[in-house]
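The values are calculated or read from the model by the stated rules, or taken from the named source; none is laboratory data. Because the structure is a prediction, the values reported are computed rather than measured. All Cβ positions, even for glycine, are placed from backbone atoms using ideal geometry, and neighbour counts span all protein chains on display. We work out accessible area using only protein heavy atoms, side chains counted, and drop any ligands, DNA or RNA first. Shrake-Rupley method; radii C 1.70, N 1.55, O 1.52, S 1.80 Å.
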Amino acid sequence: PEYCAQLIKEIGSLGWEKLAYIDAEFRTIKLKAEDSAGRDHMITIKLKSKYPVESPDCSADFPIPFVISWTQQSSLINLHSQFLAALESLQEFWDVMDEIDEKTWVLEPEKPARATTSRRIAIGN
């Protein structure tokens, strides 16, 4: 109960509108964010039994590993801030990839993820 109460308090401080998903055990959380170009992003957070003493496992649709800095005093707010900073650092990359997707005939992948770093494009007629 204390764990759940703390988590609910953290989500409340962060903002419920940022919560996209939480499982019944309160162990897997998905938070959403929008980057400065209006693209939607999601971070999946898997909380361990000793949270917040133990750092959670995080994954995001990034072309580089998303490594978090964590202390026992860290919270979902700290983690979301790190996620936003990482998003901003990838803006130029995503701008270029979006331009390739919009202005060329991309053969592969058909529906590239944000983490996809390559494209196979058609050149010529």
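Annotations
- The chain, relative contact order [Cα under 8 Å, separation at least 6], %: 17 percent
- Rounded to the nearest 20, the Cβ-based charge dipole of segment 14-82 about its Cα centre (Lys and Arg +1, Asp and Glu -1) stands at 180 debye.
- Exposed loop sites, defined as trypsin sites (Lys or Arg not before Pro) outside DSSP H, G, I, E and B with at most 15 other Cβ atoms within 10 Å, are absent from the longest region of the chain, namely 51-118.
- Between the helical axis of 76-89 and the longest alpha-carbon principal axis of the chain there is an angle of about 20 degrees.
- The GluC sites (Glu not before Pro) of segment 1-64 that DSSP puts in a loop, and whose beta carbon has at most 13 other beta carbons within 10 Å, are GLU25, GLU54.
- Helix 2-14 axis versus longest C-alpha principal axis of the chain: approximately 50°, rounded to the nearest ten.
- Sorted largest first, extent of the chain alpha carbons per principal axis (Å): 64, 24, 24
- Rounded tilt (10° steps) of 91-103 against the dominant C-alpha axis of the chain: 40 degrees
- Placing unit charges on the Cβ atoms only, positive for Lys and Arg and negative for Asp and Glu, gives the chain a dipole magnitude near 380 debye about its Cα centre.
- Extending 7 Å from Cα along the Cβ direction at LYS50 and again at GLU92 yields two label points whose distance is 4.0 nm.
- The helix-based estimate of mean residue ellipticity at 222 nm for the chain, built from -39,500 (n - 2.57) per DSSP H run of four or more residues and divided by its residue count, is -10000 deg cm²/dmol to the nearest 500.
- Counting protein heavy atoms only, the chain has 52 percent of its accessible area on carbon and sulfur, 1.4 angstrom probe.
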